[in-house]
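As structure tokens, the structure follows; a few thoughts come after it.
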Amino acid sequence: MTQSNETTRRWLRRAGSARLEFGADYNPDQWPREVWDDDVRAMRAAGVTVVSLAIFSWARLEPRDGVYDFAWLDEVMDLLHAGGIAVDLATATASPPPWLTRKHPEILPVTRTGETLWPGGRQHWRPTSPVFREHALRLVRELATRYADHPALVAWHVNNELGCHNVYDFSDDAAAAFRRWLRARYGTVEALNRAWATAFWAQRYDDFEEVLPPRLAASYPNPTQQLDFKRFSSDALKDHLIAERDLLRRFTPDVPVTTNFMVMGETKGMNFADWAAEIDFVSNDHYVLPGPQARDELSFSANLTGNIAGGRPWFLMEHSTSAVNWQPVNVAKKPGELERDSLTHVAHGADAVCFFQWRQSRAGAEKYHSAMLPHAGTDSDLFRNVTRLGERLRELAPVAGSHRTRAAVGIVFDWESWWVSEHDSHPTERLRYRQEALDWYTALLDAGIRADVLPAGGPLEEYRVLIAPILHVVPAALADRLRDWVTGGGHLVTTYFSGIVDENDHVWLGGYPGALRELLGIRIEEFGPLLDHESAELDNGTTGTIWTDRIDVAGDDVEVLARYKTGDQAERAAVTRRRAGAGSAAYVSTRLGPEGIGVLLPGLLGPAGVRGELPAELGGRVELAVRGEHWFLINRTDEPVDLGALPGAGILPPRGVTVISRE
Ligand code: GAL
């Protein structure tokens, strides 16, 4: 079944047939005028179709308060249009100019320890500053009115990576806005006191005016205050997005609005699942993080982005052609990785493959960050690879517009569980929410089983199996929803530290895993976190780390799939499954890593009848992603893979990707 029956969302405003877009951030203002013509020529040679323009151009566009200089941008827009290149025009509000911060230092963000983040880098603005908002919107209005009818303009790019550096601001503006947000959420200070459990440590508030952001405190700040501050901070940035979007829609209702999310790695402050409805199409930036699961993490992020977009096509706004500049050691991509990484995004629904940035900077903090056109120039392997990628994307034009095809297995990804499960003063600091979810994803890839990574607010009921790793925050409504789905035939798998608290971070009483206890048919009186040097062996040959639980099995309908062999829980159940109505609910009480999870998978997926869609011999070596009739086969290895078992598929080169058509 192909996802999403809703009407297609808006995409770039342009005529012509469907295609996969190809391009980059373009920063011509970093270069002398004579370079611009070369740029357009080389863009055409590479097959570039679209660029994101003026992202960091505020100081050039408005060199003095209220004084604008658009002449250079007019020229660039015209030049690009003449070259057949479309423009995703930024609102240029990401980095405020020096005159603004000199005149209004009160727009600068403040850390939780009270330090000001000064200008000199970028994104030094408070999401809640009315002064910043006023100046930003003034610029947006100028841009919107000036370029509304420009034929190169195909989309608006609000700000840039909202929250990349300024998600948590503890300033007085933030404090005032936090109080307004809390009033709207709770209505009365009594309700806030209940939600925040302020009877604890004499934290009772008599008035909203007494409430502060969780600034550096003498000891652990109130956990619900921390959770609400995270919700508020994500909302404050979303509010900025909405403010710019509303203005753009007022002046250019026919131009779609997007902003680039950062669904990648440990970037967790922005609840992108909650932002997606605010824009015309989802865009994402992704950078590969080195490590054994680097490739799988890319696939995981692309998959989640595709599901945040409701299965519709989305826009890969940034990734890198080769090395980045912001890791401790910045390694170039290996042969084949550029194309494989790009096409993995396409496989998961991207209809645009763009990079940071077009021409590698000569100076500035990002001069060692790769680009489409490197320091070496067009006579370089990198530029030739980029050009080949452009050709490949043109060949794949028939894929454009196709929606993701839903898998039988879903991995639930919940921002609030991510936030809360990693809070301080918990049974362990070692727990990593996203890593656990990624481990399940890797294990499924290793087993040749396609899965969707989807937000908790997504269409959970559409799946035969749901894996909900560390689903820590379970409000009553979610517990009811999962129970109904399970008894109706769904197969749930959840893990340690799930079902523990409600939406206020209050523990569900009566034994863990609280909200899911009855569904799972187990009861836990005490957690058993493991010290760093400890592990626990299970009788199925796997080894657990980080966590164990003291599980009591509650009824006959619960099967013990694995027991602890060593450690404090020896003899006790480690993995359980309860038959419930037409479905089942399984619990995994320790961190097993991808290999250990792989041992459990047949037993967990068997009852749901889920099997790999690829011939068994390909499972593990090849990732399958499906967009309608288009099957993407992605080589996960550095060796060639013979796809002989699939008619017409041939040999998949090391790190290669092939796309076949299957009705
Ligand atoms: C992104 C940002 C780009 C560039 C890139 C480098 O966070 O949006 O402007 O800095 O990272 O990887």
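The values are calculated or read from the model by the stated rules, or taken from the named source; none is laboratory data. From a predicted model like this one, the values you see are computed outputs, not experimental measurements. Neighbour counts are summed over all protein chains in view; Cβ atoms, including those assigned to glycine, are modelled from backbone coordinates with ideal geometry.
Here's the yes/no breakdown for (1) of a type in the set (Val, Ile, Thr); (2) on the phi > 0 side of the Ramachandran plot; (3) more than 16 Å from the ligand (Cβ to nearest atom); (4) in contact with a strand residue (DSSP E or B) (Cβ under 9 Å, 6 or more places away or on another chain):
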position: Glu62; (1), (2), (3), (4): no, no, yes, no
position: Asp69; (1), (2), (3), (4): no, no, yes, no
position: Asp74; (1), (2), (3), (4): no, no, yes, no
position: Ile85; (1), (2), (3), (4): yes, no, yes, yes
position: Thr91; (1), (2), (3), (4): yes, no, no, yes
position: Ala94; (1), (2), (3), (4): no, no, no, no
position: Arg102; (1), (2), (3), (4): no, no, yes, no
position: Thr116; (1), (2), (3), (4): yes, no, yes, yes
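Determine whether Val610 is outside any strand (DSSP E or B), of a type in the set (Val, Ile, Thr) and within 30 Å of the chain's Cα centre (by Cα).
Against the criterion (outside any strand (DSSP E or B), of a type in the set (Val, Ile, Thr) and within 30 Å of the chain's Cα centre (by Cα)), Val610 qualifies.
Among residues of region 285-300 being of a type in the set (Asp, Glu) and within 16 Å of the ligand (Cβ to nearest atom), the one that is surrounded by the most Cβ atoms within 10 Å (Cβ to Cβ) is Asp285. For region 231-260, filtered to residues that are within 17 Å of the chain's Cα centre (by Cα) and more than 16 Å from the ligand (Cβ to nearest atom), the residue that is surrounded by the most Cβ atoms within 10 Å (Cβ to Cβ) is Ser233. Within region 360-381, restricting attention to residues that are more than 29 Å from Arg627 (Cα to Cα) and in contact with a Ser or Thr (Cβ under 8 Å, 6 or more places away or on another chain), the residue that is farthest from the ligand (Cβ to nearest atom) is Pro374.
Residues of region 19-60 that are within 16 Å of the ligand (Cβ to nearest atom) and either at pLDDT below 95 or charged (D, E, K, R) (or both): Asp25, Asp29, Arg60.
Of the residues Ala323, Ala277, Ala302, Ala273, which single one is out of contact with any helix residue (DSSP H, G or I) (no Cβ under 9 Å at 6 or more places or on another chain) and not in a loop (DSSP other than H, G, I, E, B)?
On the way: Ala323 fails: not in a loop (DSSP other than H, G, I, E, B); Ala302 fails: out of contact with any helix residue (DSSP H, G or I) (no Cβ under 9 Å at 6 or more places or on another chain); Ala273 fails: out of contact with any helix residue (DSSP H, G or I) (no Cβ under 9 Å at 6 or more places or on another chain).
From the options Ala323, Ala277, Ala302, Ala273, the qualifying one is Ala277.
Quick one: in region 311-356, of everything that is within 16 Å of Asn385 (Cβ to Cβ) and within 13 Å of the ligand (Cβ to nearest atom), which residue is surrounded by the most Cβ atoms within 10 Å (Cβ to Cβ)? Among residues in region 311-356 that are within 16 Å of Asn385 (Cβ to Cβ) and within 13 Å of the ligand (Cβ to nearest atom), the one surrounded by the most Cβ atoms within 10 Å (Cβ to Cβ) is Cys354.
Taken together, the residues in region 300-355 that are free of Cβ contacts under 8 Å to residues at least 60 places away in the same chain and basic (Lys, Arg) amount to 1.
Residues in region 95-119 that are touching a residue at least 24 places away in the same chain (Cβ under 8 Å) and either of a type in the set (D, E, K, R) or surrounded by fewer than 18 Cβ atoms within 10 Å (Cβ to Cβ) (or both): Pro98, Trp99, Lys103, His104, Glu106, Thr111, Arg112, Thr113, Gly114.
Could you check, for region 135-145, whether at least one of its residues is in a loop (DSSP other than H, G, I, E, B), surrounded by fewer than 22 Cβ atoms within 10 Å (Cβ to Cβ) and touching a Phe, Trp or Tyr at 6+ places or on another chain (Cβ under 8 Å)?
We begin by selecting, within region 135-145, every residue in a loop (DSSP other than H, G, I, E, B); these are none.
No - not one qualifying residue is present in region 135-145.
All conditions but one from (1) more than 16 Å from the ligand (Cβ to nearest atom); (2) surrounded by 16 or more Cβ atoms within 10 Å (Cβ to Cβ) apply to Gly16; the one that does not is (2).
Which of the residues that make up region 609-618 are surrounded by fewer than 19 Cβ atoms within 10 Å (Cβ to Cβ) and either hydroxyl-bearing (Ser, Thr, Tyr) or in contact (Cβ under 8 Å) with a residue 60 or more places away in the chain (or both)? Those that are surrounded by fewer than 19 Cβ atoms within 10 Å (Cβ to Cβ) and either hydroxyl-bearing (Ser, Thr, Tyr) or in contact (Cβ under 8 Å) with a residue 60 or more places away in the chain (or both): Gly609, Arg611, Gly612, Glu613, Ala616. Condition (residue is away from the ligand (no atom under 16 Å from the Cβ) and of a type in the set (Gly, Ala, Ser)) applied to region 156-164: is it met by at least one residue? Checked region 156-164: no residue is away from the ligand (no atom under 16 Å from the Cβ) and of a type in the set (Gly, Ala, Ser). Contact map, region 120-148: first residue among the small types (Gly, Ala, Ser), second residue in a helix (DSSP H, G or I), Cβ cut-off under 6 Å, separation 6 or more or different chains; pairs are Ser129/Ile107; Ser129/Asp173; Ala144/Leu248; Ala144/Phe251; Ala148/Phe251.
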